[in-house]
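Have a look at the structure below, then the notes.
The values are calculated or read from the model by the stated rules, or taken from the named source; none is laboratory data. The structure displayed is predicted, hence computed values, not measured ones. Backbone-built Cβ (ideal geometry, glycine too); neighbour counts: all protein chains shown. Quick note on the areas: whole protein, heavy atoms, side chains included, nothing else; ligands and nucleic acids left out. Shrake-Rupley method; radii C 1.70, N 1.55, O 1.52, S 1.80 Å.
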Amino acid sequence: MKLVDKPVKAKKGDTASPKAVEEDASNKVSQGRAELIKKFPVRANLENYEQEYATFNWDDAKKEISYFAGGKMNAAYNAVDRHLHDGRRNKVALYSVDVNNKIEKLTFQDIAEQSNKMGNALKKLGAHRGDRVFVFLPRVPELYTTTVAIAKIGAIAGPLFSAFGPDALRDRLIDSEAKIIITNPALKPKLDAIRGQLPDLEYVIVVGGDKEKMGEREFTYEELVSGESDKLECARMDPEDPLYLLYTSGTTGKPKGVVHVHHDIIGHHMTSKWVLDLRDDDTYWCTADPGWVTGTVYGIFGPWSLGASVVSYEGRFDADSWYSLIDRLKVTVWYTAPTALRMLMKAGDDVVYKHSLDSVRHILSVGEPLNPEVVRWGQKVYGLPIHDNWWQTETGMQLIANLPCNAIKPGSMGKPLPGVYAAVVDEDGEEVEPGKLGKLVVRPGWPAMLREVWRNEEKFNEYFKISGWYFSGDNAWKDEDGYFWFVGRADDVINTAGHRVGPFEVESALIEHPSVTEAGVIGKPDKERGEIIKAFIVLGNGVVQTDELLEDIKEFTKRQLAAHAYPREIEVKESLPKTRSGKIMRRLLKAWELGLPTGDTSSLEDD
Ligand code: PRX
């Protein structure tokens, strides 16, 4: 993906040229839509975009959400407990597929009861409203029931990606002053490694833990919930009370805690209806881990708010297993990511045809640019277009999407949803004309917008510093038809295989290695993963560069941070370019890497 930091007119023939793709879209996609309609003569939940966009307002959506007296609410009540009274009590809420492909089915009643037990147990441990309770689990049923339990008692759920290493955990648990964490025996050693640095952490709960091995203030999940009642009243929350706290990377500093509130559920609900197009008979699979925002919002709250059956798969990616799963569970709606789709494309067409994917009626993708050729390939092998959509941890819900009722322009993220005003602006916040590149911004007012950066007002205010727009940090352009086209990040944030990684975090982990004295990290374009992480490092005095050493540095970073966040490439330098205050100039590192002109580097820049 070309990175452009100045607004320039898109040229014809550019991959992002509307003309080139529109022509393509007209034959490929209309054919796909025709097949789709033939196969499933059901209408999309949102049938008329223009009309809905012109008339919709978020207050109208409140009628789809359950409130308690006095305008109080609880997102978990909406996602789970209300289905005990609307005919879905015995419907499968979760198909949990473990690493051995064993399927466990949990109904909405099961989820309600198990989360009630856990909610009661948490309360007994002293978890109060507003306390941070983190979930550090792989995709097992307890990940879901525990997250719901935390929300039910009004505590703040902190999802953690199970691949995180000790450094990544420490940053998040320290900053949030986490009180309780729920993990399992396989992941616990990563926590044990930093336990002494977490004075606020009171309790550790271990799913499937051995009672004999529990230390001080440690409990097994099973012993905690065993005597608990399966009845619990959901806490009556103010809609603006926090629901979950998810850390995400920026360009400077450690990850920031993005705070979302119970009111978000309105946005989760409406977008799951419009964009995911979920209906009651759907079996829906979101491939994202709930440690990321997609897995929390569209793997738990959104689809359950609509009462859909959700598939969770603990196993690793491989084309055969994924297609088998779709076939076996007759998945109808499938929400995945461009890197996964590119890997599936690489795995070839034969493996697709080995399985029956006839159940699938809607495919979506998010998290990074979706190449037009992947959309075309999907059309060929799945017989369906792939619907790209755009949003972020901070936006809390999809904002721009290719809706089932609109034609797709492959390569475009689609149009803003009803109730969302998105625009492309210049440095001063002025909207630029169609075809011009600029900053992608959104007018505040959608229900799931971040409410706070955890205890960091300055960082929160940075999002809104120009003319009251919410600045996404992405560069984009809009075409004459109102479709948005992603161009790149406006900052140094790296997007590798859909994982958002802050260069600062990787640099910090690198310099913890005894042989590394300086590190600068950038995203390097990569065909499969979108970007890979590349590190430029300076070695300590007398340290000799060897392949073994570089391998060791990679492994070290992987262990400390996470498997997705280590540098796949490392280049050793004598020194790194820095600003006057000593900040590494990633801009120059990127220019080196891409062979771009670096300008005059003899004089150092100010920050
Ligand atoms: O750069 C954009 C990219 O992912 C960023 C948000 O990352 P995160 O907060 O981790 O949330 C990802 C999933 C919602 C964005 O700023 N991104 C997201 N969707 C797209 C995208 N880039 C291109 N096309 C998309 N559809």
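Here are some notes:
Here's the yes/no breakdown for (1) within 30 Å of E430 (Cα to Cα); (2) not assigned by TED's automatic domain parsing to the domain that holds F164; (3) not β-branched (V, I, T):
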residue: E480; (1), (2), (3): yes, yes, yes
residue: I511; (1), (2), (3): no, yes, no
residue: K524; (1), (2), (3): no, yes, yes
residue: E528; (1), (2), (3): no, yes, yes
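- Yes/no for A151 being assigned to a loop (DSSP other than H, G, I, E, B), over 18 Å from the mean Cα position of the chain (by Cα) and farther than 17 Å from S249 by Cα: no
- Some residue of the range 315-335 being under 17 Å from the mean Cα position of the chain (by Cα) and open to solvent by less than 30 Å² (accessible area, probe 1.4 Å): yes
- Scanning the range 216-240 for residues that are out of contact with any His (no Cβ under 8 Å at 6 or more places or on another chain) and open to solvent by 40 Å² or more (accessible area, probe 1.4 Å) returns E216, R217, F219, E222, E223, S226, G227, S229, D230, K231, E233, R236.
- Residue check for E427: within 16 Å of the ligand (Cβ to nearest atom), outside any strand (DSSP E or B) and of a type in the set (D, E): no
- From G348, G419, residue being more than 13 Å from the ligand (Cβ to nearest atom), over 24 Å from E480 (Cβ atoms) and open to solvent by 10 Å² or more (accessible area, probe 1.4 Å): G348
- Odd one out for V381, checked against (1) more than 12 Å from the ligand (Cβ to nearest atom); (2) hydrophobic (A, V, I, L, M, F, W, C); (3) under 29 Å from G158 (Cβ atoms): (3)
- Single match in V441, V453, V487 (criterion: farther than 29 Å from A61 by Cβ and either open to solvent by 30 Å² or more (accessible area, probe 1.4 Å) or out of contact with any Asp or Glu (no Cβ under 7 Å at 6 or more places or on another chain) (or both)): V487
- Residue that is most open to solvent (accessible area, probe 1.4 Å) [pool: residues in the range 91-119 that are acidic (D, E) and not in a helix (DSSP H, G or I)]: E104
- Exclusive hit being of a type outside the set (A, V, I, L, M, F, W, C), over 25 Å from D277 (Cα atoms) and touching a residue at least 60 places away in the same chain (Cβ under 8 Å), set G445, G414, G438: G438
- Filter result (surrounded by fewer than 17 Cβ atoms within 10 Å (Cβ to Cβ), among the basic types (K, R) and touching a residue at least 24 places away in the same chain (Cβ under 8 Å)) within the range 68-90: K72
- Scanning the range 536-563 for residues that are under 18 Å from S575 (Cβ atoms) and assigned to a loop (DSSP other than H, G, I, E, B) turns up G540, N541, G542, V543, V544, Q545.
- Flag if A563 is in contact (Cβ under 8 Å) with a residue 12 or more places away in the chain and either open to solvent by less than 40 Å² (accessible area, probe 1.4 Å) or closer than 25 Å to A497 by Cβ (or both): yes
- Residue match in the range 115-128 (condition: more than 26 Å from P239 (Cβ to Cβ) and among the hydroxyl-bearing types (S, T, Y)): no
- Yes/no for L364 being within 14 Å of the ligand (Cβ to nearest atom), open to solvent by less than 10 Å² (accessible area, probe 1.4 Å) and in contact (Cβ under 8 Å) with a residue 60 or more places away in the chain: yes
- For K436, the conditions (1) modelled with pLDDT of 95 or more; (2) touching a helix residue (DSSP H, G or I) at 6+ places or on another chain (Cβ under 7 Å); (3) away from the ligand (no atom under 16 Å from the Cβ) are fulfilled apart from (2).
So that you can scan it fast, the table gives a plain yes or no per residue for (1) at pLDDT 95 or above; (2) not charged (D, E, K, R):
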position: V42; (1), (2): no, yes
position: E47; (1), (2): no, no
position: Q51; (1), (2): yes, yes
position: T55; (1), (2): yes, yes
position: N74; (1), (2): yes, yes
position: N78; (1), (2): yes, yes
position: R89; (1), (2): yes, no
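- Condition check for D479: at pLDDT 95 or above and more than 11 Å from the ligand (Cβ to nearest atom): yes
- Each residue in the range 467-484 was checked for being outside any strand (DSSP E or B) and either touching a residue at least 60 places away in the same chain (Cβ under 8 Å) or open to solvent by 40 Å² or more (accessible area, probe 1.4 Å) (or both), and 7 of them qualify.
- Flag for R328 being touching a strand residue (DSSP E or B) at 6+ places or on another chain (Cβ under 9 Å), within 16 Å of the ligand (Cβ to nearest atom) and at pLDDT 95 or above: no
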